[in-house]
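After the structure tokens below, expect a handful of questions from me.
The values are calculated or read from the model by the stated rules, or taken from the named source; none is laboratory data. The shown structure was predicted, so the numbers you read here are calculated from the model rather than taken from an experiment. All Cβ positions, even for glycine, are placed from backbone atoms using ideal geometry, and neighbour counts span all protein chains on display. For accessibility, only protein heavy atoms count, side chains too; no ligands or nucleic acids. Shrake-Rupley method; radii C 1.70, N 1.55, O 1.52, S 1.80 Å.
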Amino acid sequence: MDKNFLWGGATASYQCEGAWDVDDKQPSMWDVYLHENNLENGDIASDHYHRYEEDIRMMAEGGQNTYRFSLSWPRIIKDKEGTVNEKGVAFYHRILDTCHKYGIEPFVTIYHWDLPQYWEAEGGWLNHQVCAAYEHFAKVCFENFGEKVTYWTTFNEPKWFIVNGYFIGNYPPGLQDVQKTMYGAYHVMYASALAVRAFREGNYPGEIGIVHSYTPVNGVDDSIETKIAMRYADNYCNNWILDTAALGEFPIDLIAKLSEKYDVSFMKQEELAIIKQYTVDFIGLNYYARTLVKPYTEGETQLIFNHSGKKGQSKVVIKNWFEQVKDPNSEYTAWDTEIYPKGLQDGLLEAWQRYQLPIFVTENGVGVREDVSVECVQDEYRIAFMNDHINAIMNAMDQGVDIRGYYAWASFDLYSWKNGVEKRYGLVAVDFENNQVRKPKASYYWFKEMIASNARLITRRKFEGDKIK
Ligand code: BG6
């Protein structure tokens, strides 16, 4: 591994900061949605707002050299007019200064889903004005933090928050509407290009990319029908983000297909030209699992998401497009996520061949229930998971892929959206019941040694085959 390779962990503002109404922070759409629906929320979360120094110190003590985190828009901008909240800006200066004090490279996400409620009340991502408001927010971030940040990303996972918010309906604003999903998707990709333009025009130091929830697509066999289903699935899962951000164009066959039933006239030439011109410098890929598909056969569209942690509940069928299936040979978590490290190797190779841009693996991890009352959580499953996925990265690098960093999700235990805090991902345990006490897990110590060994500690193996046996 190159000695500049970035090794660290990732978090997101809503999931870890807490302090949801402190220092003039405005409510986000998640605050309001979870409060109104009486669901477990991130009001306190891991209280990173007050404990960031301890958290960042522990990263450094764990041998990590980078920290990926996001900026909260409703903490930084007070209202629709764009008034800056200096207390919010000061908080992120404290975070950045602490990173630099401990030799930690900050890797900054501008938007990780916590849209200010004052914009959600105006239609959120369905409202074109939000693109300009996001551009303003991004400029405020570049202006204030530009000297302290080298790596920026415009959005975390457009696919995830747009599809879940407007198509599946399990995230706020909880809609199930294809046309609105298309508006939201378009506005986010346009807003991303506006941020890239602002970054280039402002001549800020560093680089800017986008982070995608990457699920490389496999098919159950080699038939032509399966290949067609795979293309639909790839367009739905990956291409509308990565092609658009990296190549500057929405996939033409996706737009053609959607135009058979839906209005696409909202895609304006002058905006598409901005998308074409302002592509990213690098891509961030969050990898949890692949998407395995078979051709669609019958029935209505069904999109069921497992938030309960009771196995076997999720379902993705898109009528006339594809059906997602499970591999009987694979292991799945209680939340129905397949454990499939080979998918990361294949996906990295594919992304490299298509885009020829440097790649950071910006999230990778496994969510499990854990008893954190013990002195040190013995999370061998997480160590095995990380070993196998870092091995997949190394295999891809051996094949020539330019990979620059690896971020474990997550640096420490935090709030997992609709799953609450019982779905734990951290390298450091947070005892939410007991005064937020932090205790490194076995994986934290393993990660430290692995980094110190420059990945020589990784048990290497080659993967074979890619079809269901
Ligand atoms: C990614 C997100 O989708 O996966 C994170 O960027 C998220 O914010 C993580 O927490 C794990 O997903 P979940 O739903 O299990 O928390």
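Let me check against my output: what whole-number percent is the relative contact order of region 280-352, with C-alpha pairs under 8 Å and at least 6 apart?
Relative contact order here is 33 percent.
Under the rule of at least 5 residues apart or a separate chain, name every residue whose amide H is placed under 5 Å from the amide H of Asp336.
Counting only residues 5 or more places away or on other chains, the set is Gly312.
A further question follows. Just the accessible area per residue of the chain, please: how many Å² with a 1.4 Å probe?
38 Å²
If you don't mind, another one. What does the highest-first list of 161-169, 201-209 look like by mean Cβ count within 10 Å?
Ranked from most to least packed, the peptides come out as 161-169, 201-209.
Greater than 24 Å separation of Cα atoms is the criterion. Which listed pairs, Lys180/Lys257; Lys227/Lys326; Lys80/Lys148; Lys439/Lys462; Lys148/Lys441, meet it?
Result: Lys80/Lys148; Lys439/Lys462; Lys148/Lys441 exceed 24 Å.
Okay, next question. On each of the three principal axes of the Cα atoms of region 333-469, give max minus min coordinate, whole Å, ordered largest first.
Sorted largest first, the three principal extents are 48, 33, 30 Å.
Ignoring ligands, DNA and RNA, what percent of the accessible area of region 381-455 is carbon or sulfur (1.4 Å)?
The C+S portion of the solvent-accessible surface of region 381-455 is 47 percent.
I'd like the carbon and sulfur percentage of the solvent accessible area for region 183-247, probe radius 1.4 Å, heavy atoms only, ligands and nucleic acids excluded.
Reported share for carbon and sulfur atoms: 53 percent.
Hey, rough spin-label estimate for Ser223 and Thr301, points 7 angstrom out along Cα→Cβ, what's it come to in nanometres?
So the label points at Ser223 and Thr301 sit 2.4 nm apart.
In whole angstrom, how far apart do the alpha carbon centroids of region 347-388 and region 414-469 sit?
A separation of 7 Å, based on Cα centres.
Simple spin-label model, 7 Å along Cα-to-Cβ: Lys80 to Val178 in nm?
Distance between the two pseudo-spin positions: 3.2 nm.
Further, regarding this structure: So if I take the centroid of the Cα atoms in region 236-299 and the same for region 33-53, what is the distance between those two points in Å?
The distance from the Cα centre of region 236-299 to that of region 33-53 comes to 32 Å.
Principal axis lengths of the chain from Cα atoms, whole Å, largest first?
Principal extents (Cα only, largest first): 54, 53, 44 Å.
Further question: For a quick check: with amide H placed at 1.01 Å from N, whose amide H comes under 5 Å from Ser28's, ignoring anything fewer than 5 positions away on the same chain?
Gln117
For a protection proxy built on the mean count of beta-carbon atoms within 10 angstrom, sort 116-127, 30-41 highest first, please.
116-127, 30-41
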